């Protein structure tokens, strides 16, 4: 799961953070971002399915879960529609109830996701 979040999910966000590094022109960049959002939404299907069977990706909380949570913060920032993946909201709630994660979020001055 750590490899999946790192190599597939994280990488899929690159066009959203820097579309000008991929294509020139506003129309091409908007099209690129639209396609990236669709790809990310498709990739989130797999963790959503897994989180329907377990509270965390491997059954117990690991670094992969924290990494997935980070990518979900990005998904919210970029307004990626993940509403059909209901298991992600339960996961977010579990992660945000973790004292360590909450402390880091506060320390960094970030907002919790709450829900997608």
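All of the numbers you see were taken from the coordinates with simple rules; none came from a lab. A quick note: this is a predicted structure, and the numbers were derived from the prediction, not measured. Positions of Cβ are backbone-derived with ideal geometry, glycine not excepted, and every protein chain shown enters the neighbour counts.
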### Message
Would you confirm whether or not region 84-92 contains a residue that is buried (at least 16 other Cβ atoms within 10 Å of the Cβ), closer than 25 Å to residue 30 by Cα and in contact (Cβ under 8 Å) with a residue 40 or more places away in the chain?
### Response
yes
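For every residue, the table says whether it meets (1) under 18 Å from residue 116 (Cα atoms); (2) under 10 Å from the mean Cα position of the chain (by Cα); (3) surrounded by 14 or more Cβ atoms within 10 Å (Cβ to Cβ).
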| residue | (1), (2), (3) |
| --- | --- |
| 30 | no, no, no |
| 35 | no, no, no |
| 39 | yes, no, yes |
| 46 | yes, no, yes |
| 51 | yes, no, yes |
| 61 | no, no, yes |
| 67 | yes, yes, yes |
| 75 | yes, yes, yes |
### Query
In region 67-104, how many residues are more than 15 Å from residue 48 (Cα to Cα), in a helix (DSSP H, G or I) and in contact with a helix residue (DSSP H, G or I) (Cβ under 8 Å, 6 or more places away or on another chain)?
4
### Query
Taking region 93-109, which residues are closer than 15 Å to residue 67 by Cβ and free of Cβ contacts under 8 Å to residues at least 12 places away in the same chain?
100, 104, 105
